[in-house]
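The values are calculated or read from the model by the stated rules, or taken from the named source; none is laboratory data. Worth saying up front: this structure is predicted, and the values here are computed from it rather than measured. Counting neighbours? That spans all protein chains shown, and the Cβs are built from the backbone with ideal geometry, glycine included. For accessibility, only protein heavy atoms count, side chains too; no ligands or nucleic acids. Shrake-Rupley method; radii C 1.70, N 1.55, O 1.52, S 1.80 Å.
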Amino acid sequence: METYKIVCIDIDGTLLNSAHQITEATKETILQVINDKQIPVVLVSARMPKGIIPLQKHLGISEPLICYSGALVIDRHGNKLNTRYIDTKMTQCLLDSLAAYDLHVSLYKDDEWYIEQLDAWALQERDITNIEPRIYSFSKLTNGWREETDGTSKILCMGDPEEISRVLQVLRPVYGEEVNLYLSKPTYLEIMSKKGFQNRSHSNSAKRVPTETKRLSGYW
């Protein structure tokens, strides 16, 4: 029987329960994997680092973090191991397209969350993640990013399921070759770099731990 060398765990809806908490049973199981079986555990999520680090500390995990579904990989000290941005031009094109819909839009870059107004959707996300967003004009923000030649780590759209579904149907044929657009839940549309998608990104983390990536486990 083959022994797994790394366990990668998704966070929302997997590691966390419906109350957005880690149960004691889940924690005990993970600690058994880490301490008894000596298997590294890597947290993988579409969240920003601030939304993952407290969970990592709670579990006593020291492995790299895979954030934004692989668009950002950092070590336990916060050093960037890998980055994949949606470039500024594409970010602006997406923002222009999204402006036609009744949605909340958030922009994320590295470990910052930007919004243009603190509406009900932003408040909901703030309560889930315990992270305070920065209120900022997106036009000023993208102009600054244009000078830095980077872009955004993630665009999050929140809205009624019907509107979210409509947006996905319109945007995917137009931008699907450049970015990944997927529903993390019926009211959340997440947009990230095509190069950093979660189901392929764990190999970046695997380079930082002593293992054969072909023996990397699937998600819990």
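Determine which lysines satisfy two conditions relative to residue 57: a Cα distance under 27 Å, and not lying fewer than 8 residues away in the same chain.
Filter leaves 5, 27, 37, 80, 109, 154, 185, 207.
Simple spin-label model, 7 Å along Cα-to-Cβ: residue 4 to residue 178 in nm?
Each label point is offset 7 Å from its Cα along the Cβ direction, giving 3.7 nm.
Could you give the distance between the Cα centres of segment 1-26 and segment 143-178, to the whole Å?
Cα centroid to Cα centroid, the span is 28 Å.
Can you check what the net charge comes to around residue 113, using other residues whose Cβ is under 11 Å from the Cβ of residue 113 (Lys, Arg +1; Asp, Glu -1)?
Residues close to residue 113 contribute a combined charge of +1.
Can you work out the FRET efficiency for the pair residue 136 and residue 81, with r the C-beta to C-beta distance and R0 = 25 Å, to the nearest 0.05?
0.40
I need the semi-axes of the equivalent ellipsoid of the chain: take the C-alpha gyration tensor, multiply each eigenvalue by 5, square-root it, list largest first in whole angstrom.
Listed largest to smallest, the semi-axes of the chain are 31, 19, 16 Å.
Using θ = phi - 60° and the Karplus form 6.51 cos²θ - 1.76 cosθ + 1.60, what ³J(HN,Hα) does each residue of segment 154-165 get, whole Hz, x for Gly and Pro?
7, 10, 10, 10, 10, x, 4, x, 5, 5, 4, 4
How compact and how long is segment 74-167, expressed as Rg and Dmax of its alpha-carbon atoms in Å?
13.9, 41
Say the dipole of the chain comes from +1 at the beta carbon of Lys and Arg and -1 at that of Asp and Glu; which of 15, 158, 120 then lies farthest toward its positive end?
Going by the charge dipole, the pick is 15.
I'd like the carbon and sulfur percentage of the solvent accessible area for the chain, probe radius 1.4 Å, heavy atoms only, ligands and nucleic acids excluded.
Summing carbon and sulfur atoms, their accessible area is 46 percent of the total for the chain.
Taking the Cα centre of segment 101-183 as origin, sum charge times position over the Cβ atoms of Lys and Arg (+1) and Asp and Glu (-1), and report the length of that vector in debye to the nearest 20.
120
To the nearest 0.05, what FRET efficiency results for residue 37 and residue 14 with a Förster distance of 30 Å applied to their C-beta separation?
Rounded to the nearest 0.05, the efficiency is 0.95.
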